[in-house]
Amino acid sequence: MEQDKDIYILAIESSCDETAASVVKNGREVLSNVISTQIALHTLYGGVVPEIASRKHIEKINQVIEAALEEAGLNLKQMDAIAVTYGPGLVGALLVGVSAAKAISFATGIPLIGVHHIEGHISANYIENKELEPPYVCLVVSGGHSHLVVVKDYGEYEIIGQTRDDAAGEAFDKVARAIGLGYPGGPKIDKLSKEGNPDAIPFPRAKVAENAYDFSFSGLKSAVLNYLNGCRMKGEPVCEADVAASFQKAVIEVLVEHSLHAVKEYGYEKFAIAGGVASNSSLRAAFAEACSKNNIRFYYPSPVFCTDNAAMIGVAGYYEYCKGVRSGLDLNAVPNLKLGARE
């Protein structure tokens, strides 16, 4: 995808509890990546409070955009397009980013490109893996999403598997809360599980009969809650590290098994992971080992590009820009936007 000139994308991301802006050059080079996180604030409530998230985005949005341009050493006039997450996510949070992007586009005449949040997560793999190109299979695992996706081309996706109930990250958060670790659950379970025995408790691995690639984590979550309640009722001690390690192993085994099955069935030799849960060290290690055994090339972003950030939106926006995709000033937030859809 050769260009006559360098293409600079200003990207904005505000789908949940991170206010982020970034400048991306030619789809693969991140010139700035500014993230204002709200984790400490939402930890007080044990999870993300949408109204509070929206208000914080309003406070921070202009600051992070200015900081991203300053860090990149560029100004608005040098931007070729503005890419912004318009779904899926929390509607109030999304609206802040979309409104800011539309205002800048209207005032400057710079083209506007609405980007799908999950497409952004997948595209995060291109930042550090310059040689990675479609087609390949990608597993997107985060607090709100568990998708197994065939990446046919840039911006062209086929979802072959997804969760029927809880997303993997959601299950991590709920189990973390149940064993008293608090929010955010993923990193805390990852850390605690290193002290536990992953084979201590035989938690279930769910299979979905109609689709071998689909996931279901609500049964596993319930099994953990039942185990904890059972111990408390019987007055038996609970080893939180063993619970964390056994739960995490159950999630990882299902994710690895389904993903490798898909890669083999579709005949690809490349596999990538993306999303917040993709920063889990045990998950990365399990995939690295499984892919190595099966001669599959394994790709993954650095942790900073796994969690919500604007750099990944800039990368996805670049490939949309190259295809001629442009959004109008009627672009709106779509909280339940489906991958591959354009609204």
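Nothing in this text is a laboratory measurement; each read-out follows from the coordinates by a stated rule. Since we're looking at a predicted model, the values are computed, not measured. Please note: Cβ atoms are built from the backbone with ideal geometry, for glycine as well, and neighbour counts cover all protein chains shown.
Brief remarks on what is shown
- Cα centre as origin, Lys/Arg/Asp/Glu Cβ charges: segment 218-343 dipole, Debye: 160
- Its convex hull of Cα atoms gives segment 133-300 a direction-averaged projected area, equal to a quarter of the hull surface, of 9.5 nm².
- ³J(HN,Hα), Karplus 6.51/-1.76/1.60, whole Hz, each residue of segment 267-279, x for Gly, Pro: x, 8, 10, 10, 9, 10, 10, 7, x, x, 5, 5, 7
- P(r) for the chain, from all Cα pairs and a bin width of 20 Å, is 32, 56, 12, 0 %, short bins first.
- For segment 288-294, putting each phi into the Karplus relation 6.51 cos²θ - 1.76 cosθ + 1.60 with θ = phi - 60° gives couplings of 4, 5, 5, 5, 4, 5, 9 Hz, in residue order, rounded to whole numbers and with x for Gly and Pro.
- Only Cα pairs under 8 Å and 6+ residues apart enter the sum, and on that basis the relative contact order of segment 133-300 stands at 27 percent.
- Cα-based radius of gyration of segment 214-293 once divided by 2.2 N^0.38 Å, which approximates compact folds: 1.35
- Each peptide in 286-296, 94-104 was scored by the mean count of other Cβ atoms within 10 Å over its residues; highest first, the order is 94-104, 286-296.
- HN-Hα J in Hz across segment 188-205 - Karplus 6.51, -1.76, 1.60, θ = phi - 60°, x for Gly and Pro: 6, 5, 4, 5, 5, 4, 5, 9, x, 9, x, 10, 5, 10, x, 6, x, 10
- For segment 78-204, fraction of C-alpha pairs farther apart than 25 Å, in %: 45
- Inter-part distance where segment 9-39 and segment 266-312 are each reduced to a Cα centre, Å: 20
- Relative exposure of ASP308, ASP190, ASP330, judged by other C-beta atoms within 10 Å (fewest first): ASP330, ASP190, ASP308
- Using alpha carbons only, the radius of gyration of segment 2-155 set against its Kirkwood radius gives Rg/Rh = 0.97.
- CD proxy at 222 nm, helix term only [per DSSP H run n ≥ 4: -39500 (n - 2.57); per residue of the chain; nearest 500]: -13500 deg cm²/dmol
- Dipole magnitude of the chain, debye to nearest 20 (Cβ charges: Lys/Arg +1, Asp/Glu -1, about Cα centre): 460
- Taking every alpha-carbon pair under 8 Å whose residues sit at least 6 apart, segment 114-184 reaches a relative contact order of 22 percent.
- Bridge orientation summary for the chain: considering DSSP beta bridges with both residues in this region, about 60 percent are antiparallel.
- In percent, rounded to a whole number, the relative contact order of the chain is 25, using alpha-carbon pairs under 8 Å and six or more apart.
- Of the peptides 268-278, 246-256, 156-166, the ranking by mean beta-carbon count within 10 Å, highest at the top, reads 268-278, 246-256, 156-166.
- Here the peptides 56-65, 201-210 are ranked by packing, the mean other Cβ count within 10 Å, and the order with the highest first is 56-65, 201-210.
- Tilt relative to the chain, helix 240-266 - C-alpha long axis, 0 to 90 degrees, to 10: 60
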